[in-house]
Every structure is written in structure tokens, then in C-alpha cells.
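The values are calculated or read from the model by the stated rules, or taken from the named source; none is laboratory data. Bear in mind that the values here come from a model prediction, so they are computed numbers and not experimental data. Neighbour counts run over all protein chains shown; Cβ positions are idealised from the backbone, glycine included. Accessible surface areas use protein heavy atoms only, side chains included; no ligands, DNA or RNA. Shrake-Rupley method; radii C 1.70, N 1.55, O 1.52, S 1.80 Å.
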Amino acid sequence: MLPSGKPLTRLANVRLVGISVADGIGEFKSTKLNLFLESSQGRVVMLTSGLTTIWSQCVLTGLMGIFEERSMDDSFTLDSWKGTSKMRPCFAAIKVNNQRRSSDEMYQALTNARADRDNAQIDVILRDAVQCLGTAVGTPAIDPVDVKVEEPAF
């Protein structure tokens with residue numbers, strides 16, 4: 001959030017320095033995508049989202065576009081926005097030098113899996129992308145963090 005209370009919708013000049021999938025998170029045992037981004041000042045921030053959300057699919061498709069160009073060391077801009085359809089999903093775009101990046105192959109595979117309502121295939125596609133990206137940035141496996149949720153004592 002910005003000091004004004006509005007959501008931050010752009011992270012500029014960041015690099016992917018780590019990526020992981022965390023399973024069984026929280027009360028609903030969710031599967032999360034964790035992105036570790038480094039700013040130009042050297043600060044690392046972790047972004048997390050449901051693995052199979054549209055936002056995560058957009059981000060991973062964009063990052064795979066960078067991977068296919070073999071330019072994982074380049075900084076990029078991550079833009080996010082809310083859609084206007086009934087459910088108002090969040091979307092994202094990855095840009096390098098103001099040019100959008102995307103993997104056409106991954107985009108088509110996800111489009112086909114969504115059309116078939118094949119959630120298992122969507123999961124496989126996204127996990128494969130995380131594995132490729134993790135290996136490319138030299139962090140194929142980031143140690144999971146054990147998060148304990150304690151009930152408040154009232």
C-alpha cells in the first residue's frame with residue numbers, strides 16, 4: 001500500500017532472485033506462489049499469491065517470456081491491475097524496457113487447460129514454470145518457511 005492508502009500497482013527495476021511454491025498454507029491448506037524480487041537498491045521483497053490465480057498465471061507467463069530470451073539477469077517492471085469483469089480478477093504484466101514479455105507457448109497451454117477446465121493441468125504447467133525459473137536464477141529450491149497460526153487467547 002502507498003502512504004495514501006491506494007494499492008501499489010507497479011514495481012519497477014526489479015529482478016527475480018528466487019521463486020518457490022508453498023503447499024498446505026493456512027487454514028484452507030492453500031498452494032502459494034512466492035516470488036522474491038530484488039530492487040535496484042538491493043532490497044529483496046517477497047510477493048505471494050495463490051499459485052493458480054490469474055495474477056500468478058500472468059506473472060509466470062511473463063517471466064517465462066524473459067526466460068525464453070535468456071535474459072533473467074535483466075531488470076523488469078511488474079504491473080498489476082484489477083479487471084472489470086464480474087469477479088474482478090487481478091492481472092499482471094512483465095515489461096523489459098517498456099516492452100511486454102510473454103511466453104506464447106505457455107500462454108496457449110494455459111488457455112487450453114482453462115478451456116478444458118483442467119485445473120490439474122494448470123497446476124502442472126505453473127509448477128514446471130516455477131522449476132525452470134528457479135533453476136535459471138540459481139535458486140531451484142528455497143527452504144520453506146514454517147508459518148504457525150495461533151488462535152488469539154480471549
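Results, tabulated for the structure shown:
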{"quantity": "Residues within segment 1-46 that are β-branched (Val, Ile, Thr) and open to solvent by 80 Å² or more (accessible area, probe 1.4 Å), tallied", "calculated": "1"}
{"quantity": "Members of segment 1-15 found to be more than 23 Å from residue 42 (Cβ to Cβ) and among the charged types (D, E, K, R), listed by number", "calculated": "6"}
{"quantity": "Qualifying residue in segment 90-97 (condition: over 20 Å from residue 24 (Cα atoms), touching an Asp or Glu at 6+ places or on another chain (Cβ under 9 Å) and open to solvent by 70 Å² or more (accessible area, probe 1.4 Å))", "calculated": "yes"}
{"quantity": "Segment 1-45, residues that are more than 25 Å from residue 75 (Cα to Cα), touching a residue at least 24 places away in the same chain (Cβ under 8 Å) and aromatic (Phe, Trp, Tyr)", "calculated": "none"}
{"quantity": "Check on residue 144, in contact with a strand residue (DSSP E or B) (Cβ under 7 Å, 6 or more places away or on another chain), modelled with pLDDT under 90 and not in a helix (DSSP H, G or I)", "calculated": "yes"}
